[in-house]
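Student: Okay, here's the structure, questions in a sec.
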Amino acid sequence: AKKQGGNTYCFNTHDQNNEMERYYQIEQEIKLALQQRQFSIVYQPLINLDSNQIIGAEALLRWENPKLGSVAPSEFIPLLEELGLIIPVGDWILKSVCKQLKTWQDNEIFLQKVSVNVSPIQFRNEHFVTDLKQVLEETQLDPQFLELEITEGTIINAGSAMNILTELKDLGVKISIDDFGTGYSSLSYLKKLSIDTLKIDKSFIDDLDSDGEIIVNTIINMGRNLKYTVLAEGIENREQLHYLKHQDCHEGQGYYWSKPVEVDDIPKLYHHSINS
Ligand code: C2E
Ligand code: CA
Ligand code: CA
Ligand code: CA
């Protein structure tokens, strides 16, 4: 700590201690979380902007701990990655989501896709493709309904990213680039990769009311020209929706329609959307 007034110094130390304490407590608790069934998965609807119907869902991880309460993914996902726990947890997510999608299909909830976030650590793991293949076989899910969300950073940092992506395409699953526009990738790699969906990052949608139109239009046009599905994340209001529709963005996701919801709420939302 710096030389500062007595009070400030004390306050900082105290603050840092609290932060460290919380970090260690979370670290201890998270090691038991999978085994003690403290994780759950919520689903956020994906909407086709032409039909206004729910055509899919993104699976998002939640952690509810008896001592810590509910902890935000932004806080615990990096820790899962650091501790290597993202591998078993990620496996559990993939298996749960595939099973769930199968159940929905058996109950005539026809979603075109359910997307799952894949951490760079998972993607780089040498067993990732084989484990995924096994999950697909075990759950008997048609792979075309599963979409893996990876970020630009994941592709850049994995030396063999091209090979892994090819193996995943051979399995028959779909690939989307998450938070598109926020990474530091060159555009030249885009066409080389066989991906299915570009997800425009929420930060660009937030900027639509100021000066964000040009970037959003550029991403939509580029995505459409490359024959990708373009999805806008974090749509919160009617103005954003109208603008994106007008620009021929294919799909959307955001609080305007729904926050991520418990698994049992998806059939209700689905039926409501196809009947209205
Ligand atoms: P992400 O993949 O970009 O997920 C979208 C995040 O934006 C979610 O936050 C979602 O709840 C939030 N969101 C969606 N629509 C809106 C909106 O209209 N307004 C606002 N303010 N927020 C919206 P969440 O669930 O807290 O997840 C945060 C991040 O944590 C995710 O960002 C993803 O990077 C990571 N994450 C979540 N679940 C998983 C998982 O199962 N595996 C991995 N590897 N990462 C995950
Ligand atoms: Ca995502
Ligand atoms: Ca995202
Ligand atoms: Ca994001």
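The values are calculated or read from the model by the stated rules, or taken from the named source; none is laboratory data. All values derive from a computational prediction rather than experimental measurement. For neighbour counting, all protein chains shown are included, and Cβ atoms are generated from backbone atoms with ideal geometry for every residue, glycine included. To get the accessible areas, we keep the full protein, side chains included, count just its heavy atoms, and leave off ligands, DNA and RNA. Shrake-Rupley method; radii C 1.70, N 1.55, O 1.52, S 1.80 Å.
Student: Output yes when any residue across region 114-131 is touching a Phe, Trp or Tyr at 6+ places or on another chain (Cβ under 7 Å) and free of Cβ contacts under 8 Å to residues at least 40 places away in the same chain, and no when none is.
Tutor: Among the residues of region 114-131, at least one is touching a Phe, Trp or Tyr at 6+ places or on another chain (Cβ under 7 Å) and free of Cβ contacts under 8 Å to residues at least 40 places away in the same chain, which makes the answer yes.
Student: Okay, moving on. Kindly state which helices (runs of 4 or more DSSP H) lie completely within region 90-174 and contain at least 2 residues that are under 24 Å from PHE39 (Cβ atoms) and of a type in the set (Val, Ile, Thr). It would help to see each step written out before you state the result.
Tutor: Working: elements: 120-124, 128-139, 152-157, 161-171.
So the answer is 128-139.
Student: Sort out which residues of region 59-78 are open to solvent by 10 Å² or more (accessible area, probe 1.4 Å) and either hydrophobic (A, V, I, L, M, F, W, C) or within 10 Å of ligand 1 (Cβ to nearest atom) (or both), and write them in order of number.
Tutor: LEU60, LEU61, ARG62, LEU68, ALA72, PRO73, SER74, GLU75, ILE77, PRO78 - these are the residues of region 59-78 that are open to solvent by 10 Å² or more (accessible area, probe 1.4 Å) and either hydrophobic (A, V, I, L, M, F, W, C) or within 10 Å of ligand 1 (Cβ to nearest atom) (or both).
Student: Please work out which one of (1) at pLDDT below 95; (2) under 27 Å from ASN107 (Cα atoms) is the condition GLY212 fails and give its number.
Tutor: The one condition GLY212 does not meet is (2).
Student: Just give me the residues in region 163-195 being of a type in the set (D, E, K, R), away from ligand 1 (no atom under 16 Å from the Cβ) and in contact with a strand residue (DSSP E or B) (Cβ under 9 Å, 6 or more places away or on another chain), in sequence order.
Tutor: Applying the first criterion (of a type in the set (D, E, K, R)) to region 163-195 yields 167, 169-170, 174, 178-179, 191-192.
From what's left, away from ligand 1 (no atom under 16 Å from the Cβ): 167, 169-170, 191-192.
Residue satisfying the conditions is LYS169 alone.
Student: Here is a list: LYS191, LYS245. Which entry is over 27 Å from PHE123 (Cβ atoms), assigned to a helix (DSSP H, G or I) and among the basic types (Lys, Arg)?
Tutor: On the way: LYS191 fails: over 27 Å from PHE123 (Cβ atoms).
So the residue among LYS191, LYS245 that is over 27 Å from PHE123 (Cβ atoms), assigned to a helix (DSSP H, G or I) and among the basic types (Lys, Arg) is LYS245.
Student: Can you tell me which condition PHE76 does not meet? The list is (1) more than 30 Å from HIS242 (Cβ to Cβ); (2) away from ligand 4 (no atom under 16 Å from the Cβ), and all the others hold.
Tutor: Going through (1) more than 30 Å from HIS242 (Cβ to Cβ); (2) away from ligand 4 (no atom under 16 Å from the Cβ) one by one, PHE76 breaks only (2).
Student: The conditions are (1) part of a loop (DSSP other than H, G, I, E, B); (2) touching a helix residue (DSSP H, G or I) at 6+ places or on another chain (Cβ under 6 Å); (3) away from ligand 3 (no atom under 16 Å from the Cβ), and ILE235 fails exactly one of them. Which is it?
Tutor: The failed condition is (3).
Student: Now for a different question. Would you mind finding the one in SER203, SER258 that is away from ligand 4 (no atom under 16 Å from the Cβ), among the small types (Gly, Ala, Ser) and either outside any strand (DSSP E or B) or within 30 Å of GLU108 (Cα to Cα) (or both)?
Tutor: On the way: SER203 fails: away from ligand 4 (no atom under 16 Å from the Cβ).
Going through SER203, SER258 in turn, just one is away from ligand 4 (no atom under 16 Å from the Cβ), among the small types (Gly, Ala, Ser) and either outside any strand (DSSP E or B) or within 30 Å of GLU108 (Cα to Cα) (or both): SER258.
Student: Across region 186-217, what is the number of residues that are open to solvent by less than 70 Å² (accessible area, probe 1.4 Å), within 17 Å of GLU239 (Cβ to Cβ) and touching a helix residue (DSSP H, G or I) at 6+ places or on another chain (Cβ under 8 Å)?
Tutor: Of the residues in region 186-217, 8 are open to solvent by less than 70 Å² (accessible area, probe 1.4 Å), within 17 Å of GLU239 (Cβ to Cβ) and touching a helix residue (DSSP H, G or I) at 6+ places or on another chain (Cβ under 8 Å).
Student: If you don't mind, there's one more thing I want to ask. Here are some residues: GLN247, GLN253, GLN144, GLN240. Which one is among the polar types (S, T, N, Q) and within 24 Å of ASP91 (Cβ to Cβ)?
Tutor: Working: GLN247 fails: within 24 Å of ASP91 (Cβ to Cβ); GLN253 fails: within 24 Å of ASP91 (Cβ to Cβ); GLN240 fails: within 24 Å of ASP91 (Cβ to Cβ).
It is GLN144.
Student: For PRO78, only one of the following conditions fails: (1) within 16 Å of ligand 3 (Cβ to nearest atom); (2) out of contact with any strand residue (DSSP E or B) (no Cβ under 7 Å at 6 or more places or on another chain); (3) under 18 Å from PRO260 (Cβ atoms). What is its number?
Tutor: All conditions are met except number (3).
Student: Would you check which residues across region 138-162 are open to solvent by 40 Å² or more (accessible area, probe 1.4 Å) and within 12 Å of ligand 1 (Cβ to nearest atom) and list them?
Tutor: Just the residues of region 138-162 that are open to solvent by 40 Å² or more (accessible area, probe 1.4 Å), to begin with: 138, 140, 142, 144-145, 151, 156-157, 159-160, 162.
Listed by number, the list holds a single entry, THR151.
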